[in-house]
Amino acid sequence: MRLVFAGTPEVALPALDALIASEKHEVVAVVTRPDAPAGRGRRMVASPVAERAEEAGIEVLKPAKPRDPEFLARLAEIAPDCCPVVAYGALLPKAALEIPAHGWVNLHFSLLPAWRGAAPVQHSVLAGDEMTGASTFQIEEGLDSGPVFGVVTEEVRATDTSGDLLTRLAFAGAGLLEATMDGIENGTLLPVPQPVEGISLAPKITVEDAEIDWTAPALRVDRLVRACTPAPGAWTTFREERLKVVSARPVADHTDLEPGRLAATKKAVFVGTGSHAVELTWVRPQGKKPMLAADWARGVRIAEGERLGA
């Protein structure tokens, strides 16, 4: 099939690479978000998908909005058979959905209908799921509600951050998306409607959502830190300045600290929670690079009774 691939961030690259390498299909163009400012200099930078497509000599379309008439006209000229999508980042209008003969097929990083929305992997980690996966489905006008072509499953490990899990799903999902294109092309694969039960939503996790509540149990704190790594980053406050918690681990045998209360030894830093303590392993003070929590504690000289959070 002639494919127009839609995607933006680095997580979309394994799928794009797989489809470019496919002997059965041809990626004739990609659709991605417009260049955006990045870095300290805030210079305009193309998306990872745009850069990879340009390296491969593939046409790149960067509409400000997918409903732009110029974009729709060009897409109609290209006349793709199907448009695979991975983390494109914009809602597609009906006019765009109707152009390819086989529609738009999204690779979504959850086992639908669980975790529909922008942040399925983060919510899976936050909820303590033991199993998740990726799904390919036919895009329709509803939010991740279209019929499903196929799934792959992935275990959620006890120490997984959302970044760890998303990386594994990106590669597993790339194979699923390629297989889905094969099945659509040869007519052996038909989508199945999603169940009406088991629907859960995964809205974007904001910076405000990522603030640690030290009165919560240690298990909840651990999940929040892992779910928000690498972004937006779990955080708290210390001496009225923001402190990011890059990594931490529950310590079940340390139960004598009040929520938020700090205790530091030469090699470790502990914080009380609503249950037992957690050990901070890496932190990032405001305006500084990540550092070992023990090094941070020595530098700030934690006083008796000091705490994190409000």
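Would you list the strands (runs of 3 or more DSSP E) that sit entirely within segment 262-310 and hold 1 or more residues that are within 29 Å of the chain's Cα centre (by Cα)? I'd like the intermediate steps shown before the answer.
Numbers: elements: 262-264, 269-271, 277-285.
Per the criteria, 269-271, 277-285.
For segment 173-232, give me the residue count where each residue is open to solvent by less than 20 Å² (accessible area, probe 1.4 Å), touching a His at 6+ places or on another chain (Cβ under 9 Å) and assigned to a loop (DSSP other than H, G, I, E, B).
Residues that pass the stated criteria total 2.
Give me the residue from segment 8-28 that is under 18 Å from Ile184 (Cβ atoms) and in contact with a strand residue (DSSP E or B) (Cβ under 6 Å, 6 or more places away or on another chain) and, out of that set, most open to solvent (accessible area, probe 1.4 Å).
This residue is Glu26.
Give segment 147-175 a look and list any residue that's over 30 Å from Arg220 (Cβ atoms) and touching a helix residue (DSSP H, G or I) at 6+ places or on another chain (Cβ under 9 Å), or say none.
Going residue by residue through segment 147-175, those that are over 30 Å from Arg220 (Cβ atoms) are 147-150, 174-175.
Of everything in segment 147-175, those that are over 30 Å from Arg220 (Cβ atoms) and touching a helix residue (DSSP H, G or I) at 6+ places or on another chain (Cβ under 9 Å) turn out to be Phe149, Gly150, Ala174, Gly175.
Among the residues of segment 217-230, what is the count of those that are hydrophobic (A, V, I, L, M, F, W, C) and within 10 Å of Thr161 (Cβ to Cβ)? Quick ask: steps written out before the conclusion?
Of segment 217-230, the ones hydrophobic (A, V, I, L, M, F, W, C) are 218-219, 221, 224-225, 227-228.
From what's left, within 10 Å of Thr161 (Cβ to Cβ): 225, 227-228.
Going through segment 217-230 one residue at a time, the tally reaches 3.
The values are calculated or read from the model by the stated rules, or taken from the named source; none is laboratory data. Worth saying up front: this structure is predicted, and the values here are computed from it rather than measured. All Cβ positions, even for glycine, are placed from backbone atoms using ideal geometry, and neighbour counts span all protein chains on display. When the accessible area is computed, the model is the full protein with side chains, heavy atoms only, and any ligands, DNA or RNA have been set aside. Shrake-Rupley method; radii C 1.70, N 1.55, O 1.52, S 1.80 Å.
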